[in-house]
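Colleague: Supplied in structure tokens, the structure appears directly below.
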Amino acid sequence: MLHLAQARQIKNITFKNRIIKGAMSEALANREGQPNELHFGLYDAWAKGGLGCAISGNVMVDFRAKNEPGVVVVETERDLAQLTQWANLGKAQGMVQLIQLSHPGRQCPKGLNKETVAPSAVPFSPMLATTFGTPRELTEAEILDIIQRFAESARICEKAGFEGVQLHGAHGYLISQFLSPLTNKRQDQWGGSIENRMRFLLEIYRAVRAKTTENFIVAVKLNSADFQRGGITEDEVVSVFQAIDAEGIDLIEISGGTYEAPAMAGVKADKRKPSSIAREAYFLDFADNIRKQVGCHLMVTGGFRTVQGMNAALDSGACDFIGLARPLAVEVDLTDRLIAGQDVRYAVKPIKTGIPFVDKMAIMEIIWYAAQFKAIAQGKQPNPKLSPLKIFLGYAKSNVKAMLQGRLNSRKQA
Ligand SMILES: Cc1cc2nc3c(=O)[nH]c(=O)nc-3n(C[C@H](O)[C@H](O)[C@H](O)COP(=O)(O)O)c2cc1C
């Protein structure tokens, strides 16, 4: 039997195989951030495709801080019925489901929210500053409030029946902004030394544990590196992994990069060691290393495309689970086929319209894949040949209207 096909237990929860769908923002919620029939259709299709586990796209813990239109928000029990329905359809197929809880901090496009907050008021590079504004520095009271928001959202997810949550600590989102000295310039107990910079993550973890029961899985997605000069160092990253492991985290997903240096999508792949390129996955060398430092379950996401590559990663002991994202947006039944020994067919490539300023905006990946998710959710076939330009023009048309309306509403509220 392929290693890939072997079951694994975390606490009292069985993962029927080693394949986990990595978080992908579905962009399917309504303006109020509610999950709906489209989420059910999509996750039902993935569950029926044989996945051992699916991690949801990032779900916001604060309605005032959305990272994109169409994102789900869980801050009260308002949508408990829909969340329960979502959780149940995984159970019906034996697919474990974790909700990825997130706060985007500074990575919120201009115009979407009334204001943006972050550890410090650090502006973006000139290229990204056209899309993302300079945030306001969080007060300590606001930091404590956000920590409790993660815990409350996790409590609601458990009540709905999800097997666990994953804290989004990677890709330049708020937790990762606290970890990085480039975005955290604070002089108080939340900034400065790495012990202070990881306090936000550890306090969130403890608050989540305090509000959930013993068998609830708490996972975290962390960067192996930010791929930015002056960012968190390798030794500091290792100390963060060790600290969260010592706290009792169940699973760490290894990724890398931020909006400013998108290594999670392989963009910095040229900087990888030759051995890593040969092994297809972007962050396997790091996993090899960290495996010796931590005892929790490890998952590596990014770049896996062949059964041989996935099995070799598991056989080597570098990780316990294989994370797959983009291939599952186009091949819904991929898990069953991998377990039958067939490789990924979809050739993952950057999604480009050919219009330089649009292609720099990092929005194309989200909206092109969202179109695939919508098709799957409606029982249609995904289309790898879908024109990025057509998708962008449709998005521009509907979002200019939505953003103007959103601004109008927030002015009315103010
Ligand atoms: C459309 C899209 C949305 C994504 N949304 C998220 C997200 O919400 N949270 C997250 O941690 N990663 C997100 N990712 C990153 C993926 O989880 C994954 O790390 C990355 O795509 C690399 O894996 P792959 O090579 O198998 O696609 C997203 C990726 C894509 C393409």
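The values are calculated or read from the model by the stated rules, or taken from the named source; none is laboratory data. This one's a predicted model, so the numbers in the text were calculated from it and none came from an experiment. Note that each Cβ is placed from the backbone with ideal geometry, even for glycine, and that neighbours are counted across all protein chains shown.
Colleague: Give me the residue from the stretch 183-234 that is closer than 16 Å to V122 by Cβ and aromatic (F, W, Y) and, out of that set, nearest to the ligand (Cβ to nearest atom).
Modeller: F200
Colleague: Taking the residues in the stretch 255-272 that are near the ligand (Cβ under 9 Å from one of its atoms) and assigned to a helix (DSSP H, G or I) as candidates, determine which candidate is modelled with the lowest pLDDT.
Modeller: A265
Colleague: Restricting attention to helices (runs of 4 or more DSSP H) lying wholly within the stretch 144-254, give those where 1 or more residues are over 20 Å from the mean Cα position of the chain (by Cα), in contact (Cβ under 8 Å) with a residue 40 or more places away in the chain and under 27 Å from I13 (Cβ atoms). Let's see the steps before the verdict.
Modeller: Details: elements: 174-179, 194-197, 199-210, 234-247.
Here the list reads 199-210, 234-247.
Colleague: Specify the residue that is nearest to G302 (Cα to Cα); the eligible residues are those in the stretch 346-360 that are within 14 Å of the ligand (Cβ to nearest atom) and either touching a Lys or Arg at 6+ places or on another chain (Cβ under 9 Å) or touching a residue at least 12 places away in the same chain (Cβ under 8 Å) (or both). If you could, list the steps in order and put the result at the bottom.
Modeller: Residues of the stretch 346-360 that are within 14 Å of the ligand (Cβ to nearest atom), as a first pass: 346-352.
Adding the requirement that they be either touching a Lys or Arg at 6+ places or on another chain (Cβ under 9 Å) or touching a residue at least 12 places away in the same chain (Cβ under 8 Å) (or both) leaves 346-348, 350-352.
Working: Y346: 14, A347: 14, V348: 11, P350: 13, I351: 16, K352: 19 Å.
Per the stated criteria, the residue is V348.
Colleague: Taking the stretch 1-15 on its own, how many of its residues are surrounded by fewer than 24 Cβ atoms within 10 Å (Cβ to Cβ) and touching a strand residue (DSSP E or B) at 6+ places or on another chain (Cβ under 8 Å)? Give the derivation first.
Modeller: Pass one, the stretch 1-15, residues surrounded by fewer than 24 Cβ atoms within 10 Å (Cβ to Cβ): 1-14.
Then drop every residue that is not touching a strand residue (DSSP E or B) at 6+ places or on another chain (Cβ under 8 Å), which leaves 4, 7-11, 13-14.
Summing the residues that are surrounded by fewer than 24 Cβ atoms within 10 Å (Cβ to Cβ) and touching a strand residue (DSSP E or B) at 6+ places or on another chain (Cβ under 8 Å) in the stretch 1-15 gives 8.
Colleague: While we're here: Quick one: count up the residues across the stretch 293-328 that are surrounded by fewer than 18 Cβ atoms within 10 Å (Cβ to Cβ), touching a residue at least 40 places away in the same chain (Cβ under 8 Å) and β-branched (V, I, T).
Modeller: So the first thing to find is which residues in the stretch 293-328 are surrounded by fewer than 18 Cβ atoms within 10 Å (Cβ to Cβ), and the list is 293-295, 306, 308, 312, 315-317.
Next, from what is left, pick out any that are touching a residue at least 40 places away in the same chain (Cβ under 8 Å): 293-295, 315.
If we keep only those that are β-branched (V, I, T) too, we end up with 294.
The number of residues fulfilling the criteria is 1.
Colleague: A further question on this structure: Report yes if A402 is modelled with pLDDT of 95 or more and of a type in the set (G, A, S), otherwise no.
Modeller: On the way: modelled with pLDDT of 95 or more: no; of a type in the set (G, A, S): yes.
Criteria not met by A402.
Colleague: Return the total of residues in the stretch 41-100 being modelled with pLDDT of 95 or more and at positive phi.
Modeller: Here the count works out to 2.
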